[in-house]
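What follows is calculated from the coordinates using simple rules that are stated; it is not laboratory data. This is a predicted model, so every value here is computed, not measured.
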Amino acid sequence: MTQGYLRTPEAAKYLGIGQSTLERKRIDGTGPQFRQLGARIVTYAIADLDAWASQQVLTSTSARVAA
């Protein structure tokens with residue numbers, strides 16, 4: 001099976017969040033795992049996006065702990 005990779009704009013769209021939100025999560029370490037290829041190319045494995053999204057399940061709005 002071939003692993004699929006997306007760059008930041010496509011990964012943000014895949015997750016249904018804004019590109020700047022995904023970039024901010026990458027900077028503060030709260031986002032999905034990523035790969036940096038060179039100075040400017042960042043890619044996300046689709047499997048990592050799915051795994052991260054599945055960890056974001058909450059049962060109430062008060063369940064989110066502020067960082």
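From Cα pairs below 8 angstrom and at least 6 apart in sequence, can you work out the relative contact order of the chain, rounded to a whole percent? Mind dumping the intermediate values first?
On the way: 61 pairs, mean separation 22.6, N = 67.
This gives 34 percent for the chain.
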Kirkwood Rh over alpha-carbon pairs of the chain plugged into Stokes-Einstein at 10 °C, 1.306 mPa s gives a D in µm²/s of 125 µm²/s
